[in-house]
Structures are given as C-alpha cells and as structure tokens.
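Here's the structure we're looking at; comments come further down.
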Amino acid sequence: MIRGEKSAPWRARARATIDPVQLSIIVPTYNEAPNVSELVRRVSAAVDGLDAEIVFVDDSTDDTPDVIEAVAATAPLPVRVIHRAHAAGGLGGAVLEGFAAAESDACLVIDGDLQHPPETIPVLWERFERGDVDLVLASRYAGGGTSGGLADRTRVMVSKASTAITRAMFPVRLRNVSDPMTGFFLLDRRSVDQALLQPRGFKILLEILARRALRVAEVPFDFADRHAGDSKASFRQGLHFISQLAALRFGKMSLFAVIGGLGAVANLAIVWALTQLGVDYIVAAVIGAEATIIGNFLLMERFVFHDMRDQASTGWVRFAKSFSFNNAEALIRIPIMAFMVESWHLSAVVATAITLVVAFVVRFVFHSLVVYAPRKPDAEPSAARRFVDELDRQATSPGEL
Ligand SMILES: Nc1nc2c(ncn2[C@@H]2O[C@H](COP(=O)(O)OP(=O)(O)O)[C@@H](O)[C@H]2O)c(=O)[nH]1
Ligand SMILES: [Mg+2]
C-alpha cells in the first residue's frame, strides 16, 4: 500500500488528531510477545509528559499482535499494531512502513526486545528538539555508550569490524557517525526521501545515511541484554548486510579491486621483463613492486577517490601516506605469511591468498579513512593562509575614492 506511492506521501498527510502527536515511536517486531508489555510500560514511563504514540510494525508468526492489542487496551498512550501479511523488506521494510503510518513527522525507531533502553528516548528527544539536526542516533560507540548486550565476543568483533568497514566506505557521509548500524534513532521523516530507499535486511539507518547528506547528532547509550526471546540476527542477515554495503558503495570498492588486480599483473610483467633483460631478480622485484605502488596510487587518485581529493590533504601528503602504507604492508605481509605456513601448516598458496585478501580490505580501509580523510573542518588556518585571505579581503573591499 504505502510503499507504492512515489511522491513524498507523508508531507501531504493531514493531521486529524486534536492533540497533535509530537513523537511517533516505531517498534519493528518479529516474535517478541514476551517483551511487549514491559516495553510499553517502560516507554510510557519514559515519555510521560510528551504526546507520543507507539506504532508496532509486526511480521510475527506467533501471537505477538494479539499481545500488543491486549496491552494497547490499558496503555496510557495510543498503541497501534500494523501486522504485515507479507514481510516485505524485512526489518528495514517494517521501519519504512512505520514512517508512513506515523502520526507525527518526528519518528523514533526502537527495537522491541528492550536492548535499547526506553529511558534514552527523552535524551534523543531533547537533542532533536533543538531543531538543528534531521536525525539523532543512539550510539553504542560514542563517548559513554557501551555494547555490552552483544551476545558474545564474536558478535562484538563482527559488529566493530563491520562498523569500521562501513565507515571506511562512506567516509564523508559517516564522518560524524560512530554507530551507523544502530537500530535506535529519531528522525524527521520529511528529511528522508523514501523513493530512494531500498530496504534490504537489517540496516535501514545505514541506507538512510548513505543516500542523502543529513544533519546528524549522536547521543551515547548502553546496549542492554535482550529482555526475553532470541535474536533474529543470523548468518543470512550478515550476507544481506554485505550485499547492502556492496550495492550502496559498489563503485568504489570494486574499482579499487580492479586497479589492485591490474597492478598485480603489471608487477608480474615488470619482473618478467627486467629478468629477461638480465636484471637481478631481487632488484627486479623491488622495481616491480615500487612501480606498481606508484601506478596504483595515480590510478586511485584519478578513478577511485577523485570525489574526495578536494576535502583531503594535499597530493604529496596523500602520496606519502599511501606509499608508506604499501611498503609497510609488503614488509609485514611476508613474515605473517611465513608464520602461517610454519605454525599453522597452511600451504604457501593458501597463506598468500589469505594475506592478500586481508591486505586488500585493510588497504581499502586505510585509504578511505586515512589517506583521503577529510581535513579537519575547524582547523586553524595557517599564517600564510590568513595573510592571503587578508590580502584578498583588502583587494576586493571598496576603495576610499
Ligand atoms: N517487523 C519486523 N521486525 C523484525 C524483523 N527481524 C527482526 N525484527 C525486530 O527487529 C528488532 C531487532 O532484532 P533482533 O533480533 O533483536 O536483532 P539483534 O538485536 O541485532 O540481535 C527486534 O525488535 C526484532 O523483533 C522482521 O523481519 N520484521
Ligand atoms: Mg536485539
């Protein structure tokens, strides 16, 4: 129904209520029956004094919708449930459906399992109400936030690594965002172009942030343990996430890979040609490696990171960083490979392949986050810069005569 409409449908929505709802709280649920009543109780207590509503968008196969209806009957604030027969777009699709159905333009999204403490809602609201941002997100990784509720060490690692890679892939859009994967955020839905969004799986916030430049603020929060039930995050969701990232940022990383591949071929060709000419193979290998590193840098400048050069440090600094990184990487990679062969008894080919794949990802992260990092916007201008600016100001200001 709602997703079919193409032109900013929620802008035209009439406000029918006498008491306009200030905040719509959207809760996507999939088999969360044992958590509903506690969630509604804690949310109601947290938003006391605010005209808020709760909109559950439910794809459950259990009795969650019935439980919500029962809780709604006695809740101190309006509670609705939209049960979807077809769970289109999964969690992301549910959130968009919630935006469309909300009474208010201020839409807050919160998980239904109490991993997001409802007591943080007033903090998000307070920040949002200042009016200078489109979106406020609750971050596990901002100062004071914690991720204690992640199930185990593996999930913590997966979460941190995927956050780092994601930020590396969107260094400009996610410059001020420490937790682009959080499911706990408050936004003005008018700032989101729903026609652009293609919800895939779990990470709707990333999609929202990547598609359009928004004014974003963060507040820290403590990611808690689940109140009851099991997580729906799965290996399949992980694959979904990778495809979402690839689809959002396919261009950059794939070009990076193509250039890296071309570089490897060029490297081999140079070594072959030089040894044919009688050059010592060690010398040939060094020349081949360095020529490839320089060639790759020039191609990356031209084709991969061209849109980020203006905001980054100067060309020579970028070159120095990239050159040092690639040389250090080559130096470190060989002993690690040797270690894998000696201690883990992997074959040399497998060890090389593993180190090359890891090196590829690390190289991409390093180039996105460090080599092409945007200059600090609030850095003090240099003395020379101030002098030139002053000269310019004087030269263009109206003359006395
Ligand atoms: N509507 C809807 N909600 C979902 C779906 N998958 C997960 N959820 C809800 O999204 C929230 C986060 O999911 P959860 O399983 O806790 O993921 P985790 O916190 O990453 O382990 C919970 O409230 C789930 O009930 C889905 O396909 N549809
Ligand atoms: Mg959860």
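We did not get these values from a lab; they are worked out from the coordinates using the rules stated. Nothing here was measured: the structure is a model prediction, and the numbers come from that model. Here the Cβ is made from the backbone with ideal geometry for all residues, glycine too, and neighbour counts use every protein chain on show.
Taking amide H positions as modeled 1.01 Å from N, with prolines and chain starts lacking one, the residues under 5 Å from residue 218 and 5 or more places away or on another chain are 137. Extension gain for residue 290 to residue 214 (0.36 nm times residue separation, less C-alpha to C-alpha distance): 23.3 nm. Only Cα sites of the stretch 56-183 enter the Debye sum here, all with the same form factor; the resulting log10 I(q)/I(0) across q = 0.13, 0.14, 0.16 1/Å is -0.70, -0.81, -1.05, listed in q order. Counted residue by residue at 0.36 nm each, then reduced by the alpha carbon distance between them, the extension gain from residue 63 to residue 86 reaches 6.7 nm. Suppose R0 equals 30 Å; then what is the FRET efficiency for residue 257 and residue 280 from their Cβ-Cβ distance, rounded to the nearest 0.05? Efficiency for this residue pair is about 0.40.
Listed by chain and number, the aspartates and glutamates whose alpha-carbon sits under 16 Å from that of residue 203, ignoring those within fewer than 8 places in the same chain, are 97, 111, 179. A straight line joining the Cα centroids of the stretch 298-355 and the stretch 57-84 runs 52 Å. Our coupling estimate for the stretch 291-296, obtained by passing each phi through the Karplus curve with A = 6.51, B = -1.76, C = 1.60 and θ = phi - 60°, is 4, 5, 4, 5, x, 4 Hz, Gly and Pro reported as x. In this structure, the amide hydrogen of residue 145, modeled 1.01 Å from its nitrogen in the peptide plane, lies closer than 5 angstrom to those of 221, counting only residues at least 5 positions away or on a different chain. Extension gain, residue 264 to residue 314: 0.36 nm times the residue separation minus the Cα-Cα distance gives 15.3 nm.
Sorting the segments 123-130, 206-213 by their mean number of nearby beta carbons within 10 angstrom, highest to lowest, gives 206-213, 123-130.
For the stretch 104-116, putting each phi into the Karplus relation 6.51 cos²θ - 1.76 cosθ + 1.60 with θ = phi - 60° gives couplings of 9, 6, 7, 10, 10, 10, 9, 5, x, 10, 6, 6, 9 Hz, in residue order, rounded to whole numbers and with x for Gly and Pro. What the Kirkwood sum gives for the stretch 293-369 is a hydrodynamic radius of 13.8 Å, with every pair of different alpha carbons counted. With R₀ set to 41 Å, the beta-carbon distance separating residue 119 from residue 195 gives a calculated FRET efficiency near 0.70. Across the stretch 164-226, Cα pairs under 8 Å and at least six residues apart give a relative contact order of 38 percent.
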